[in-house]
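Here the structure comes first, spelled out in C-alpha cells, and everything after it is commentary.
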Amino acid sequence: MLDAGSLRYVNRGCMALGLALEHAQIGDGDEVLLPAYHCISMVEPVVWRGARPVFYRINADTTIDLTDIESRITSRTRALLAPHYFGFPQDVQGIRRFCDAHRLLFIEDCAHAFFGAIDGKPFGSFGDYAIASAWKFFPVCDGGLLVSAGRDLSRIETRSAGLRFEAKAMINALEYAFEYRRLPVARLLFKVPLMLKDFLLRRARQALADDGPPRPQAAEDVGDWGFDAALIRQKMSLFSRCVTTRAARRRIGKRRRANYARLLQGLSGVAGCRPLFPTLPEQVVPHVFPLVMEEPERIFGPLKRRGVPIIRFGEYPWPDMPAELCPVSRDLSRQVFQFPCHQELQLPELDWMIDSVRQTLHAVR
Ligand SMILES: Cc1ncc(COP(=O)(O)O)c(C=O)c1O
C-alpha cells in the first residue's frame, strides 16, 4: 500500500473510507455499492456521508458478482467498494473496466491486503481510491491509510491526535506485545513503570468515580472498534507510522506466507473443514487463514474455549440488509473461521492451532 500512490495516514481503515467518500463529494442521496459480505465498519462511513448503502452479492470464492451489481445500478449510484477478502485479489482489471463503463468510482478495499501485488502492481493501485488497515498487519493499535494512484490527496486535512493519544498508542502497543509474551527484555524493563502507570490510573478513576456519576468515555481511545466521526481527521499516531513505514516488509510477507502454508498443510484433507483458498498465489500476502467449517455452530464455541484466536468476518452484518439478499455471504459469515497467520507466530503455536482444530473436529464427529 505504501507504494500504491498518494497517501494519507489516518486513524483506521473506516475513517479512510469516510475521507475517500468526502473527497469524491459523495453524500446526500447518493448510492454506494457494498458487498453483502461485510463488517459494519465498511457501511458506517457511507451512512455518515448521508449516502445509501446498496448491497450486492458475491460468489462462493469471494469474487464480487458483477452481474448482480449491474442490476442494482441506478442514476444515483456513485461508487463501488470491492474488498480483497483475506488478502486474495479480486479481478481488478475487470472491475476497473466495469466501473469505467458505468461511470462509477472504484474504491479498492485493501483492509486485508496491505502487502502483495497483482500482475506486478501493488494492491491499492487499481482503484480511484484505496483504503488499508495498518493495525491488522503491524504491531500497532491504530492506523489506516487512504491511498490514490490517480488523485491528489494532499488537500485532505488531518491533524495530530495530541500528546496523550501519541503516548497511549505507544504504551498500548507495548502492553499488547507483553500480553502475548513478546519482547521479553522490554517486558522486564517496563514492568515497574507500567505497574506504576496502572496504579495511578486506577487511583485517578477511583477519584473520578467518587466525584459523581460516570462520565462518557473519551472517543479517542486507542484501539476502539468501528467508525467514529469524531476521529475522521485524526492522524495515525507517530509510533504507528514509524512501525508501519520502517518494518521489514519482505520478512513480514515471507513469514505470513510460510505460516499460511503451514496451516494449509496441517488442515487440508481434514474431515469437517476445507480451506477457502487451497492455493496461495505468488504475490499474495494473506491477512489470515480462512477455513470453511461444515458444522460451524458445533465447532466455534469449543475452539474458542480452548483459546484458539478465531473470528468470523461478517458475523454481524448491517441490520437493514435482508439475509436472503446473498445466501453465499450468509453462509460464509457462519462457516468461515479466520485463523491468524501473523508474522510473529512461532511453529509450536501454529501446530497447537492445527492440533486444536483436528481434535475439536474429531470430538464432535
Ligand atoms: C474488509 C474490511 N474493510 C474495511 C475495514 C475497516 O478497517 P478498520 O478496522 O481499520 O477501520 C475492515 C475492518 O475489519 C474490513 O475487514
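Values quoted throughout were computed directly from the atomic coordinates according to the rules given, and no laboratory measurement underlies them. Everything quoted here is computed from the prediction, not taken from an experiment. Virtual Cβ from ideal backbone geometry, glycine too; neighbours counted across all protein chains shown.
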Between Arg334 and Val270, how many nm apart are label points set 7 Å from Cα along the C-beta direction?
2.1 nm
Run down the lysines and flag those whose C-alpha is under 25 Å from the C-alpha of Lys121, throwing out any fewer than 8 positions away in its chain.
Lys136, Lys254
Give me the three principal axis extents of the chain from the C-alpha atoms, as integers in angstrom, largest value leading.
61, 54, 43
Could you check the simple spin-label distance between Lys197 and Ala209, using points 7 Å along Cα→Cβ, in nm with one decimal?
2.1 nm
Using a simple spin-label model with points 7 Å from Cα along the Cα→Cβ vector, what separation in nm is obtained for His362 and Thr63?
3.8 nm
Nearest-0.05 FRET efficiency for Arg72 and Lys304, computed from C-beta distance (R0 30 Å)
0.25
Give, rounded to the nearest 20 debye, the magnitude of the charge dipole that the chain has about its Cα centre when Lys and Arg contribute +1 at Cβ and Asp and Glu contribute -1 at Cβ.
1280 debye
Per GNM of the chain with C-alpha springs under 10 angstrom, the most fluctuating residue out of Glu22, Glu166, Glu324 is Glu324
Farthest towards the positive end of the dipole of the range 249-364, among Pro278, Val292, Val336 and with Cβ unit charges of +1 on Lys and Arg and -1 on Asp and Glu, lies the Cα of Pro278
R0 = 45 Å: FRET efficiency of Glu295 with Ala248, Cβ-based, nearest 0.05?
0.65
Which of Lys121, Lys197, Lys254 fluctuates most in a GNM of the chain (C-alpha springs under 10 Å)? That residue is Lys197
Out of Ala132, Val192, Ile171, whose Cα points farthest toward the positive end of the dipole of the chain (charges: +1 Lys, Arg; -1 Asp, Glu; placed on Cβ)?
Val192
Based on alpha-carbon centroids, what's the gap between the range 56-98 and the range 108-175 in Å, whole number please?
22 Å
Any idea what the dipole of the range 216-365 comes to, in debye rounded to 20, about its Cα centre with Lys/Arg Cβ at +1 and Asp/Glu Cβ at -1?
780 debye
